[in-house]
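Take a look at the structure set out below.
Nothing in this text is a laboratory measurement; each read-out follows from the coordinates by a stated rule. Predicted model only: the values in this text are computed from it and were never measured. Cβ atoms come from the backbone with ideal geometry, glycine included; neighbour counts cover every protein chain shown.
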Amino acid sequence: LFASLFYILFIIMQLANHIKRPQQFTRYDFMLLIAINSAYYGAGMILLQYWNHGEWQGLFTAFLALFNCAMAWIFFRQQKFDRNFVFLLIGITLTFLSLTAPVQLEGNYITLFWAAECVLLFWFYQQSGISLAKLTASIILILALISLLMDWAQVYSDSAVKLSVIINKGCITGIAVSIAYTIFYRLLYKEANTYFLSKITVQWVKSGLLSTVSLLLLIVGILEIQHQFLNRFPETNLHYIYLQLYVAFYITSL
């Protein structure tokens, strides 16, 4: 409570003068806003680890994202307000929003959260035109893929562990990420056929996503067949036969 009061006090002190007399924010103002949020977040995370073993840390992170989002929305509606300041608030919001998953969730839930978030952020960019949202969506798009690979390594690492056929964390998460990438791919059709980021063209991103989805679905089937047959029919080598059948069927379907 003491830290929260200090946080609100410093936020009000910084914004009061600019609300009364709108003017352009300086680098010092930007650095101060980042420092206030970082210090409060760090203090909150340290203190909350002693409260129910840190189970409120994710909610605290989400609250900071919501608080900064509310400020960004209020100032965004004021046409004379500094746009760079609004974009900074949006950047802080997106940062806290992305941190919510790894802080509060575990394993494949982080992957599912990031997969949904990258699609929503890119859709938000297309509605608002805020390029920062597109950059964040692109970063989370890659993080979701890395997180998926880590989930697969954990779920399928031991063939002795019995998993439900198809309805398990590894398979469902892989399919969910593939669906998210497909939606992202479809949203790209609304973009002009120019540059997506820097020197990366939209066509390159579309081709990369299409190839990634095709590869992910192939790997999902391979991992599932190999694990299930090794677990249920060990020492029979049946998984080799069904792997060949699946690959042949998949390629034919493509």
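A few notes on this one:
- Most mobile listed residue (15, 97, 209) in the chain, GNM with C-alpha springs under 10 Å: 15
- Residue of 206, 134, 190 that the Gaussian network model of the chain assigns the largest fluctuation, springs spanning Cα pairs under 10 Å: 190
- A simple spin-label model places the labels of residue 251 and residue 32 6.5 nm from each other, with each point 7 Å out along Cα-to-Cβ.
- In segment 147-235, a dipole from Cβ-located charges (positive for Lys and Arg, negative for Asp and Glu) runs towards its positive end, and of 170, 185, 152 it is 185 whose Cα lies farthest in that direction.
- Mean ellipticity per residue at 222 nm, deg cm²/dmol - from DSSP H runs of n ≥ 4 across the chain, formula -39500 (n - 2.57): -26500 deg cm²/dmol
- Helix 238-253 and the longest principal axis of the Cα set of the chain meet at an angle near 60°.
- 0 to 90° range, to nearest 10: angle between helix 202-232 axis and the chain longest Cα axis: 50
- Dipole magnitude for the chain: about 940 debye, using +1 per Lys or Arg Cβ and -1 per Asp or Glu Cβ, origin at the Cα centre.
- Rounded to the nearest 10 degrees, the angle from helix 2-20 to the longest Cα principal axis of the chain is 60 degrees.
- Residue-by-residue Karplus 3J(HN,Hα) for segment 113-130, coefficients 6.51, -1.76, 1.60, Hz, glycine and proline x: 5, 5, 4, 5, 5, 5, 5, 5, 5, 5, 5, 4, 4, 5, 7, 9, x, 7
- A straight chain from residue 186 to residue 70 at 0.36 nm per residue would run longer than the Cα-Cα distance by 38.8 nm.
- Straightening the chain between residue 126 and residue 154 buys 6.5 nm, computed as 0.36 nm per residue apart minus the Cα-Cα spacing.
- Extended-chain gain in nm, criterion 0.36 nm per residue less alpha-carbon gap, residue 211 and residue 56: 51.9 nm
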